[in-house]
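The values are calculated or read from the model by the stated rules, or taken from the named source; none is laboratory data. Predicted model only: the values in this text are computed from it and were never measured. Counting neighbours? That spans all protein chains shown, and the Cβs are built from the backbone with ideal geometry, glycine included. Ligands, DNA and RNA are stripped out before the accessible areas are found, and what is left, the full protein with its side chains, is counted by its heavy atoms. Shrake-Rupley method; radii C 1.70, N 1.55, O 1.52, S 1.80 Å.
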Amino acid sequence: MITETSAVTFRQNLGEMLNQVQYRHDSVVINKDGKPVAALVDARLFERIRRMQGRFDALCERIESGFTNVLEAEGLAEIDAAVAIERAQARSSAGKS
């Protein structure tokens, strides 16, 4: 479960929030001036997020290195065309059902 709380309430209830995260594996989103600024998640989830971020960064680097000679506008046009084809195929498949 994800709980949202203000920074003031979080500070006042820190012990309770830590227990909620540690024992129930919930997450707490901390808002300041009505906007989310931080999240408290259990350590296992945080480690998963860090590993996924590392893999994502490595994948982005591989993609970037493979397309260094492609102009950005050209690459974006190819992506837009591929998305349009996939959407058309999905609409066509949905219409046949």
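Looking only at Ala38, Ala77, Ala58, which one moves most when the chain is put into a Gaussian network model with springs between Cα atoms under 10 Å?
Taking springs between Cα atoms under 10 Å, the residue moving most is Ala77.
Testing the spin-label approximation: label points 7 Å from Cα along Cα→Cβ at Ser65 and Lys35. State their distance in nm.
Each label point is offset 7 Å from its Cα along the Cβ direction, giving 3.7 nm.
With springs only between Cα atoms under 10 Å apart, run a GNM on the chain and tell me which of Arg50, Arg87, Arg62 wobbles the most.
Among Arg50, Arg87, Arg62, the largest mean-square fluctuation in the Gaussian network model of the chain belongs to Arg87.
Between Ser27 and Met1, what is the label-to-label distance in nm when each label sits 7 Å out along the Cα-to-Cβ direction?
Going from the Ser27 label point to the Met1 one covers 1.6 nm.
Once you place label points 7 Å from the Cα toward the Cβ at Ile49 and Asp80, how far apart are they in nm?
Output for this residue pair reads 3.4 nm.
Scale the Cα Rg of segment 16-73 by the rule-of-thumb value 2.2 N^0.38 Å and send over the ratio, two decimals.
Ratio of Rg to 2.2 N^0.38 Å for segment 16-73: 1.72.
Mind checking the angle between helix 72-96 and the chain's longest principal axis? C-alpha axes, 0 to 90 degrees, to the nearest 10.
90 degrees
Could you look at segment 36-89 and say what percent of its accessible area is carbon and sulfur, using a 1.4 Å probe and all protein chains?
60 percent
Return the tail of the calculated pair distribution for the chain, meaning the percent of Cα-Cα pairs more than 24 Å apart.
Of all Cα-Cα pairs in the chain, 56 percent lie more than 24 Å apart.
Taking the Cα centre of the chain as origin, work out the dipole magnitude from +1 charges on Lys and Arg Cβ and -1 charges on Asp and Glu Cβ, in debye rounded to 20.
Around 440 debye, computed over the chain.
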